[in-house]
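Notes for the one structure printed next.
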Amino acid sequence: MHKLKFISSFRLAIIGLAFCGLTSCSKQAYLFTSFHEPATEGLRFLYSYDAFHWTDLNKTFLKPAVGTQKVMRDPSIVQGRDGTFHLVWTCSWKGDKGFGYASSKDLITWSEQKFLPVMENEPKTVNVWAPEIFYDDEKKEFVIIWASTIPFRFAKGIEEEENNHRMYSITTKDFVTFSEPKLFLDPGFSVIDAVIVKRAAKDYVLVLKDNTRPNRNLKVAFGEDALGPYKNVSDTFSPKLTEGPTVVKVKNDWLIYFDAYGQKIYSAYKTSDFKSFKDVTAEVSIPEGHKHGTIIKVKRKVIEGLKRTD
């Protein structure tokens, strides 16, 4: 009798997996931060159960309240070891010397927004763009990188001095105290929209935008520490007029999503080694209007909670 019950239960489990599919029954999901132009409404989310097909939750979850222009562009998010989500974003095109920050336990109720004045000691700073947050699980600290222009500080291409960006960084363990801002990356050209990817211990990849004219395309560099130095900057792997990359691992491959604004589409490339890249744009679906964000893996119940909000 017990044996028959075991066999029946086993068969039901197999039938259940076959019916719903391994992906849709998984407790894991993917969340993609987003915003819509003109970036005044605030934080949006896309979600997916396979990292290829995305659905817009069609609402905003945090209205921008800091910065000169009080916009929310390029929202980047990470989840800490205690489950808290930490969000940073661009809050002005020009004029501000910092970016916005807020935290949440459930992505619905948020802390008071803060303005982090990371470049206040550089009075000639033109802008602070696209802060990207990364959790360094080896050092148990958060790393935030961003692009800023300080005119006549670095060699440049043919772009104007006020568009000659370099990447900077700070670290924090608690979002109360922060390290002093440091130059993070000077590849010898104007660079923005960089994201850190960890493959293994002492094996990091930086996906970045070469913002020089006429390039304005994506490249990769490699390092042994989250904070670099990053070396061996590659040739481009993307078309011209692309920006805002984010990277997510799916099985044995990495998907790199980016805004191919020159083609007026959102694209995705797949790679296993960050040396060869395959265009898989035809295999993904991105809702219209989605702009520059970060993909993170979350528990499926996080998505269900967001769906239940009014």
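The values are calculated or read from the model by the stated rules, or taken from the named source; none is laboratory data. If you're wondering where the values come from, they're calculated on a predicted model, not measured in any experiment. Backbone-built Cβ (ideal geometry, glycine too); neighbour counts: all protein chains shown. Quick note on the areas: whole protein, heavy atoms, side chains included, nothing else; ligands and nucleic acids left out. Shrake-Rupley method; radii C 1.70, N 1.55, O 1.52, S 1.80 Å.
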Answer with yes or no whether residue 225 is open to solvent by 10 Å² or more (accessible area, probe 1.4 Å) and touching a Lys or Arg at 6+ places or on another chain (Cβ under 6 Å). no
When the stretch 123-144 is examined, which residues are found to be of a type outside the set (A, V, I, L, M, F, W, C) and closer than 23 Å to residue 92 by Cβ? 123, 124, 125, 127, 131, 132
Could we say that residue 257 is in contact (Cβ under 8 Å) with a residue 12 or more places away in the chain, open to solvent by less than 20 Å² (accessible area, probe 1.4 Å) and hydroxyl-bearing (Ser, Thr, Tyr) here? yes
Could you pull out the residue among 264, 270 that is loosely packed, with under 14 Cβ neighbours inside 10 Å and either more than 24 Å from residue 167 (Cα to Cα) or over 17 Å from the mean Cα position of the chain (by Cα) (or both)? 264
Close pairs from the stretch 74-90: first surrounded by 24 or more Cβ atoms within 10 Å (Cβ to Cβ), partner of a type in the set (Lys, Arg), Cβ under 6 Å, at least 6 apart: 90/73
Determine which single condition residue 30 fails, assuming it passes every other condition in (1) more than 20 Å from residue 150 (Cβ to Cβ); (2) open to solvent by less than 20 Å² (accessible area, probe 1.4 Å); (3) not in a strand (DSSP E or B). (3)
Pull up the stretch 273-300, narrow it to residues that are basic (Lys, Arg) and in contact (Cβ under 8 Å) with a residue 60 or more places away in the chain, then point me to the one that is surrounded by the most Cβ atoms within 10 Å (Cβ to Cβ). 291
Members of the stretch 161-195 that are over 19 Å from residue 75 (Cβ atoms), open to solvent by less than 30 Å² (accessible area, probe 1.4 Å) and among the aliphatic types (A, V, I, L, M): 185, 191
So, in the stretch 229-243, exactly how many residues are buried (at least 20 other Cβ atoms within 10 Å of the Cβ) and not in a loop (DSSP other than H, G, I, E, B)? 1
Residue 78 at pLDDT 95 or above and touching a His at 6+ places or on another chain (Cβ under 6 Å): yes
Of the conditions (1) in a loop (DSSP other than H, G, I, E, B); (2) farther than 28 Å from residue 159 by Cβ; (3) not aromatic (Phe, Trp, Tyr), the single one that residue 305 does not satisfy is (1)
Restricted to the stretch 99-144, and to residues that are open to solvent by less than 10 Å² (accessible area, probe 1.4 Å) and either at pLDDT below 95 or in contact with a Pro (Cβ under 7 Å, 6 or more places away or on another chain) (or both), which residue is nearest to residue 298 (Cα to Cα)? 144
Of all residues in the stretch 193-206, which are of a type outside the set (Lys, Arg) and more than 13 Å from the chain's Cα centre (by Cα)? 200, 201, 203, 204, 205
How many of the residues making up the stretch 145-160 are open to solvent by 10 Å² or more (accessible area, probe 1.4 Å), modelled with pLDDT of 95 or more and under 19 Å from residue 95 (Cα atoms)? 3
Could you give me the residue pairs with C-beta distances under 8 Å whose first residue belongs to the stretch 98-109 and is at positive phi, whose second residue is surrounded by fewer than 16 Cβ atoms within 10 Å (Cβ to Cβ) and polar (S, T, N, Q) wherever it lies, and which are 6+ apart or on separate chains? none
